[in-house]
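S.K.: Before anything else, here's the structure in question.
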Amino acid sequence: MRIGLGSDLHRLEAGRPLVLGGVEVDDVRGPVAHSDGDALLHAVIDAMLGGAGLGDIGDHFPDSDPQYRGVDSRQLLRAAAELLAERGLHVAQVDATVLLERPKLGSHKRTMREHIAADLGLPGGAVNVKAKTNEGVGPVGRGEAVAAEAVVLLADS
Ligand code: MG
């Protein structure tokens, strides 16, 4: 078995859609990003690539490449799963945390889990998504950024 660790952070600005785990969250601000800026999925992808020894998300889906402009990060998640499959690996388990001061994400966590599980071909019980604030401290706490952390367990296919 192999383990991977991923993290991501995006600055938030008014007038942009806030997408997390493939869910569009109702808020007045969203991430500044080349893709859809889905920090949760980017952290999961980085954990997958890291566990497989395949570098990071920027190596495979560079933000300088116009084909990834505004891309749905669920597409990138599925593409990352294919990269792993080519190397005889698959994701066995995901645990992730979203750090966002507001709005509360509790009502969306289940759908986020379902999206990740569906894209990785996993049972729902193999994916966990947690959400927390940053207690008003730092850029996340001031509502200037959204961040995410993830660990994944990889197994041989
Ligand atoms: Mg990102």
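The values are calculated or read from the model by the stated rules, or taken from the named source; none is laboratory data. All figures in this text were calculated on a predicted structure; none of them were measured in a lab. In this analysis, Cβ positions are derived from the backbone assuming ideal geometry, glycine residues included, and neighbour counts consider all displayed protein chains. Calculation scope for accessible area: heavy atoms of the full protein, side chains included, ligands and nucleic acids excluded. Shrake-Rupley method; radii C 1.70, N 1.55, O 1.52, S 1.80 Å.
S.K.: Which condition number in (1) assigned to a helix (DSSP H, G or I); (2) surrounded by fewer than 15 Cβ atoms within 10 Å (Cβ to Cβ); (3) touching a Phe, Trp or Tyr at 6+ places or on another chain (Cβ under 9 Å) is the one that Leu76 fails?
M.R.: Of the numbered conditions (1) assigned to a helix (DSSP H, G or I); (2) surrounded by fewer than 15 Cβ atoms within 10 Å (Cβ to Cβ); (3) touching a Phe, Trp or Tyr at 6+ places or on another chain (Cβ under 9 Å), the odd one out for Leu76 is (2).
S.K.: Of all residues in region 36-52, count the ones that are open to solvent by less than 20 Å² (accessible area, probe 1.4 Å), assigned to a loop (DSSP other than H, G, I, E, B) and within 13 Å of the ligand (Cβ to nearest atom).
M.R.: 2
S.K.: Show the residue pairs meeting these rules: Cβ distance below 7 Å; 6+ apart or different chains; first residue within region 137-157 and of a type in the set (S, T, N, Q); second residue in a strand (DSSP E or B) and open to solvent by 60 Å² or more (accessible area, probe 1.4 Å).
M.R.: Ser157/His90
Let's see how each residue does on (1) assigned to a helix (DSSP H, G or I); (2) within 22 Å of Lys132 (Cβ to Cβ):
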position	(1), (2)
Asp8	no, yes
Gly55	no, no
Ser64	no, no
Thr97	no, yes
Lys109	yes, yes
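Yes/no per residue for (1) open to solvent by 30 Å² or more (accessible area, probe 1.4 Å); (2) over 22 Å from Ile3 (Cβ atoms):
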| site | (1), (2) |
| --- | --- |
| Gly22 | no, yes |
| Pro31 | no, yes |
| Asp65 | yes, yes |
| Lys109 | yes, yes |
| Arg113 | yes, no |
| Gly124 | yes, no |
| Lys130 | yes, no |
| Asn134 | yes, yes |
